[in-house]
Amino acid sequence: MMLTITNACHSPPPKISFVAITKLIATSSRETPQCAVSGAARCYGTVAGAGTDKQKSRGGPELPYRPKQHSVATSGIVEPTILQRGHGQSLYVPSVRLSPEASKSPSVHKIHILGEDARSKFIAHALSGVYDSVERLAWTRPSNKYRYLQRFDKHGTATFEPLNVGRQVLATKSDTHIDELVVSSNTAQGAMEALEAVKHRVDHDTTVCLMTDGLGVLEDVRQKIFSVPEKEPTFLLGNMSHKFAFNRNFDSVRQLRHGIWNITSVQRSAVMSTEQPKVETQTNFVRSLQAAKLLNTEYTPFDSWFRYKLPGVIFDSAVEPVCLLLELPYSGLLQNANARKLISSLLEEIISVLRLMPEIGRAETYHEILDIDRAQKALYKRILRHKSRESSLVQDIRRGHPVNVDYLNGYFLRRAHSLGVRAPTNKMMWDLVKAKNTIAAEQRESYVRIEETSVTPDMEDEYKASSSY
C-alpha cells in the first residue's frame, strides 16, 4: 500500500509553540506518550497504516492518531503531517518517536500476536494501523522472513505491498504483562505450547483470542494451563476464512482467499455453552479488531460461530483420514467406491453425534448440516474444489508437522462417549492416523544426516595419498 503525505512545500508551515502541540494531542481520545530517544524500535504518528479505512469502520472506535510502522530501512522515523483544525486553519505536527521504554507504558494501545504461521503475520500487518504497538511473538524460533504481502485483484493480477510488521521475538524473553493477545496456530499442540510460553505474562485482566483448527481446544487449555478459574484470562474463539501461505520465491505472505474473521466467546462452566457471558472486558478488543478493514472481523453469538466452523471440521474429519489411509489424492476419492463408503460411514457417525449435542439441539440453522444427503453433497463439492491439491493431512505427516486428529475425530469420539453413542469408524480412523504418524516419525529419525562441505586442498592431497591405485 502506497502512503502519501501532502507536504506544504510552497509555503512554510505555521510556527506554533510546543505547549500548543501538547494541548492539541491532549484533546485526543487518549494520551500518546512521546519522546525523542534515538534508535527507538517502535514509532507512531498521525498517518493511517495498513488495514484502516478512511471512514470509520463498522463498530470500530475513533482513533485520531493511527500508528504507521516503517520498513527496517526507515524504522524509527515518522513523517510530519498537516492537521486540519477547522475554519481553514492547519497545524504542522512534527515527527515523533516512541522508545522501547515508552512502549511499555500502560497508556499505550498495544496488542501481542503470538504465532509462527502466515496468518499471524497478516493479522499483525492489518492491526498496525489500529494499535500504537503491535508486538509479534514466537514460542519456538522467531522468524523475520517474508517482507511483503502478495494479493490478487479480480483479474488475477498480483500486487505486492510491504508488510508493516516489527521483528518477531521469543515470548519467554520478557515478563511484561500482556493485555490483549491473539494466538494463531494451525494445530492444537502449537496453540497449547504457545500459551504455555506466555502464561506467566497473562492473568484475569488479559483478553485472549484463540485461533486454531479443530474443536475442543479451549477446554484442554483451561484444564492443563489455566486450571485456576480466578486467574485465567478472558477467552474469545476465532475462526478465519482468509487463507494464506508463505511464498518463498517472492519473499511474501500470499493471500490465497479473502474471507472474514468470526469471533465469539464462551463460558467456562459449560463444555460448549450457548449462553453468552458479559463482554464488557472484550468490547474494546473486538472493536479494535473490527477497525482493521483487511481483517473483516465479525462478532457473532456462539451458535452462529459454531455453525460457521463445522463444515471445515467435518471435512477434515471425514475426508482427510481417507486420503491418508488409501493414499489417494482428492481427485481420486470420488472415483473409488471404497473411499466413498468410508467417507459416508464417517459422516453418518459425526452427524449422529451432532444431533444429540445440546449446543445444537433442533436449531434450524443446522438443518443443512444435519441432513445426511445435503451434508454428503456439500462434502463432494468441496472435494471437487480441492481436486488439484494434495491432502493437507498427508503433507503434514510427510513433513513432520503435528497432526490435529485429537481435535477432529478425537473431538467427536469424546462427545460420542459423553452422549452414550458409538462411533467405531471414527475410532478406527483416529487409531490409523496416530499409527501412520508414528511410523512416519520413526522413518524420519532413521535417516542419516549428511552435510555437504567443500573439499580443501589438504583434504584432497590426503585422500590421494591414502588411496591405492
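List of remarks:
- Complete set of residues in segment 170-183 that are over 30 Å from VAL313 (Cβ atoms), open to solvent by less than 60 Å² (accessible area, probe 1.4 Å) and outside any loop (DSSP other than H, G, I, E, B): LEU170
- Candidates SER392, SER352: the one that is open to solvent by 20 Å² or more (accessible area, probe 1.4 Å), under 28 Å from the mean Cα position of the chain (by Cα) and of a type outside the set (A, V, I, L, M) is SER392.
- Here the helices (runs of 4 or more DSSP H) wholly within segment 287-343 that include at least 1 residues being free of Cβ contacts under 8 Å to residues at least 40 places away in the same chain and farther than 16 Å from GLN376 by Cβ are 320-326, 330-333.
- Residue check, ASN186 in contact with a Gly (Cβ under 7 Å, 6 or more places away or on another chain) and either part of a loop (DSSP other than H, G, I, E, B) or surrounded by 14 or more Cβ atoms within 10 Å (Cβ to Cβ) (or both): no
- Residues satisfying the stated conditions in segment 396-411, i.e. part of a helix (DSSP H, G or I) and crowded, with 18+ Cβ neighbours inside 10 Å: ASP396, ILE397, VAL405, ASP406, TYR407, ASN409, GLY410, TYR411
- The combined condition, being touching a Leu at 6+ places or on another chain (Cβ under 8 Å) and not in a helix (DSSP H, G or I), is not fulfilled by ILE351.
- Hits in segment 377-395 - residues which are touching a residue at least 24 places away in the same chain (Cβ under 8 Å) and assigned to a helix (DSSP H, G or I): ALA378, LEU379, TYR380, ARG382, ILE383, LEU384, SER392, LEU393, VAL394
- Segment 200-213, subset buried (at least 17 other Cβ atoms within 10 Å of the Cβ) and charged (D, E, K, R), residue nearest to the chain's Cα centre (by Cα): ASP213
- Some residue of segment 190-206 being in a strand (DSSP E or B) and among the aliphatic types (A, V, I, L, M): no
- Taking the criterion of being within 15 Å of the chain's Cα centre (by Cα) and either open to solvent by less than 30 Å² (accessible area, probe 1.4 Å) or small (Gly, Ala, Ser) (or both), the residues of segment 240-263 that qualify are MET240, SER241, HIS242, ALA245, VAL253, GLN255, GLY259, TRP261, ASN262, ILE263.
- The lone exception for GLU196 - which of (1) surrounded by 14 or more Cβ atoms within 10 Å (Cβ to Cβ); (2) within 30 Å of ASP316 (Cα to Cα); (3) under 16 Å from the mean Cα position of the chain (by Cα); (4) without any contact (Cβ under 8 Å) to a residue 60 or more places away in the chain it fails: (3)
- Close Cβ contacts (under 8 Å, 6 or more residues apart or on different chains) running from residues in segment 413-440 that are exposed (fewer than 14 other Cβ atoms within 10 Å of the Cβ) to residues that are of a type in the set (Gly, Ala, Ser) comprise ARG422/ALA416.
- Residue check, TYR380 at pLDDT 90 or above and either aromatic (Phe, Trp, Tyr) or touching a Cys at 6+ places or on another chain (Cβ under 9 Å) (or both): yes
The values are calculated or read from the model by the stated rules, or taken from the named source; none is laboratory data. Model, not experiment: these values are computed from the prediction. Cβ coordinates were reconstructed from backbone atoms using ideal geometry, including for glycine residues, and neighbour counts include every protein chain displayed. Remember, those area values only see protein heavy atoms, side chains included, never the ligands or the DNA or RNA. Shrake-Rupley method; radii C 1.70, N 1.55, O 1.52, S 1.80 Å.
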